[in-house]
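To keep things clear, I will list the structure first and then write my remarks on it.
The values are calculated or read from the model by the stated rules, or taken from the named source; none is laboratory data. Not measured: the values here are computed from a predicted model. Methodologically, a virtual Cβ is constructed for each residue, glycine included, from the backbone with ideal geometry; neighbour enumeration extends over all protein chains shown.
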Ligand code: HSE
């Protein structure tokens, strides 16, 4: 085989109380990575505005590290087609990293298991987040709802209920270049025990909701009193967006990953257009326009 194309979905991380632990793949957007054996070095090509230096690009970093690990000396051309908007908390760098890991695995017949693919894809997050975290890449690689723990490393996947629908509002604001690093920088280093207990209870209830396929339980447990309060000042109009969405019938609302997108958890019976409109109005109250997307959980990365 000379060339492989893989596609990986967007994702939302944290789902409220599951900071750095929970991820959910979303069928809103997909990135596509083609890796071709060619030339003597590894180069990136893209029509989209992505960094083409290997170390600064999440897909480039993954391919570089995998080539080193598996002692592959041949040159590779990495073609990147971005579908996931970058910098908005939709797992953009993770989607490219996941597609790169899956494409590389197929191109060189490595037959890697999913944990290993996630570990390689996680290396790509360093390119944008400055640190490795695995919630978005796990969702992008495996699909569905994922729980990640790092010690020992393990990714647990649960198939989401079929009637879970998400409404995402992506504000049109300029985001800092190292957005994830910035939004991690505002987080407290220590938390109150009583806050930890509340978040743990909600996180556990979310997991139970996915196991029981109970959309209401999931939605009503999307409550985070540690990370969301520390970050919401970075999202103008956040409180209004959230209140409006809840009033319009959303079950739970929180920041998508490191933001600035806001995500509503709803059942398929909700009025999704109404919820989107309500979120738009919330952002409009802060003079901000947004794009809204109605989406569902996605399957994981795959070779085309
Ligand atoms: N868990 C990460 C964070 C996701 O919230 O910083 C970043 O995409």
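In a helix (DSSP H, G or I), on the phi < 0 side of the Ramachandran plot and away from the ligand (no atom under 16 Å from the Cβ): is that true of residue 277 in this structure? Yes. Scanning the stretch 45-54 turns up at least one residue that is part of a loop (DSSP other than H, G, I, E, B) and either assigned by TED's automatic domain parsing to the domain that holds residue 202 or surrounded by 19 or more Cβ atoms within 10 Å (Cβ to Cβ) (or both). Out of 301, 284, 250, 245, one residue alone is under 20 Å from residue 27 (Cα atoms), away from the ligand (no atom under 16 Å from the Cβ) and over 17 Å from the mean Cα position of the chain (by Cα). It is 250. Collect the residues in the stretch 115-154 that are buried (at least 23 other Cβ atoms within 10 Å of the Cβ), assigned to a strand (DSSP E or B) and more than 10 Å from the ligand (Cβ to nearest atom), keeping them in residue-number order. Result: 143, 145, 146.
Which of the residues belonging to the stretch 166-180 are in contact with a helix residue (DSSP H, G or I) (Cβ under 6 Å, 6 or more places away or on another chain) and surrounded by fewer than 23 Cβ atoms within 10 Å (Cβ to Cβ)?
Hit for the stretch 166-180 is 176, nothing else.
Tell me, yes or no, whether the stretch 9-18 has at least one residue that is buried (at least 17 other Cβ atoms within 10 Å of the Cβ), touching a residue at least 24 places away in the same chain (Cβ under 8 Å) and away from the ligand (no atom under 16 Å from the Cβ). No: zero hits. Of the residues that sit in the stretch 281-292 and are crowded, with 20+ Cβ neighbours inside 10 Å and in contact with a strand residue (DSSP E or B) (Cβ under 7 Å, 6 or more places away or on another chain), which one is nearest to residue 32 (Cα to Cα)? Looking at residues that are crowded, with 20+ Cβ neighbours inside 10 Å and in contact with a strand residue (DSSP E or B) (Cβ under 7 Å, 6 or more places away or on another chain), I get 292.
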